[in-house]
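The numbers here are math on the coordinates, done by the rules we state, and not lab data. In this text, all values refer to a predicted model and were calculated from it rather than measured experimentally. So basically every Cβ, Gly included, is an ideal-geometry build from the backbone, and we count neighbours across all protein chains shown.
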Amino acid sequence: MRRYVIAGNWKMNFTPSEATAFINEIKPLVEGKNNCDIIFCAPFVTIGAAMEAAKGSNIKIGAQNVHFEEKGAFTGEISAKMLKEIGVEYVIIGHSERRQYFGETDYTVNLRTKAALAAGLKVLLCLGEVKEERLAGITNEVVGMQTKLDLAGISAEELKNIIIAYEPVWAIGTGLTATPEQADETCGVIRDVVADLYGREVAEELIIQYGGSMNDKNAAELLSKTNVDGGLIGGASLVAEKFNAIVDAAQ
Ligand code: 13P
């Protein structure tokens, strides 16, 4: 039995005081809804305030990226050890916006993932095809390749601390959503590739989220699909009632 994981990716939104206000607003709404894990991934400087506000609740706070070196001359970067020391449990790695705007590749995504795991963090590993790839009919090959490259050298034991977020790039922030069937099919493809790499039993344990314009209206149908074990939510994670409705859909 896989457990639903409903995660918000705040992206570059919410100052510390805004995050405090938001967590205080959503905390009572999601209280006692323990049928899923609830995570918000905050900007680095906002993590502390969000964690403080979430204390004692069923809300966990994560980060949105991490560097792969332990320390040193990497201006502007944050290490896994730093995140771990302040009590961060989850980190997003490989988000398409990192890949698109900041030159992330499957190689650096893999390095970051290994560094995060080595420090004891749990990883929300994002991958997904762009519009041209879907239109060209090569989605399965693209996500299959990303899965293999991003997980290269990672053991089955380590995989237990990874959640894969399937995020079709054309559906992110566009209001376009993959149909529940498309989401289910592609999450299934990722699971099959993981089964090839690690065996079916391990693949059946892996949590695979869908991300890309998931909202209060479409969440229930997406989450009803066999291979969709949760959501990674951008825009709707900034609005308490909308995010709460997605949590409800996972109950
Ligand atoms: P939207 O929900 O705003 O489309 O963003 C999805 C996403 O990128 C989550 O990481």
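Two numbers describe the Cα atoms of the stretch 24-182: Rg and Dmax, which are 16.5, 48 Å. Among Phe22, Phe40, sorting on how many other beta-carbon atoms sit within 10 Å of each Cβ, with the fewest leading, yields Phe22, Phe40. Note on Leu197, Leu151, Leu125: ascending count of other Cβ atoms within 10 Å places them as Leu197, Leu151, Leu125, the fewest first. Stokes-Einstein diffusion for the stretch 112-251, with the hydrodynamic radius set to the Kirkwood value over Cα pairs and evaluated at 25 °C in a medium of 0.890 mPa s, equals 161 µm²/s.
For Val5, the amide hydrogen comes within under 5 Å of the amide hydrogens of Asp37, Gly230, Gly231, counting only partners 5 or more places away or on other chains and with H modelled in the peptide plane.
Derived scalar couplings between HN and Hα for the stretch 199-216 equal x, 5, 4, 5, 5, 6, 7, 5, 7, 10, 9, 9, x, x, 6, 6, 8, 4 Hz in order, rounded to whole Hz, by the Karplus curve 6.51 cos²θ - 1.76 cosθ + 1.60 (θ = phi - 60°), x for Gly and Pro. Going from the fewest other Cβ atoms within 10 Å to the most, the residues Thr226, Thr147 appear in the order Thr226, Thr147.
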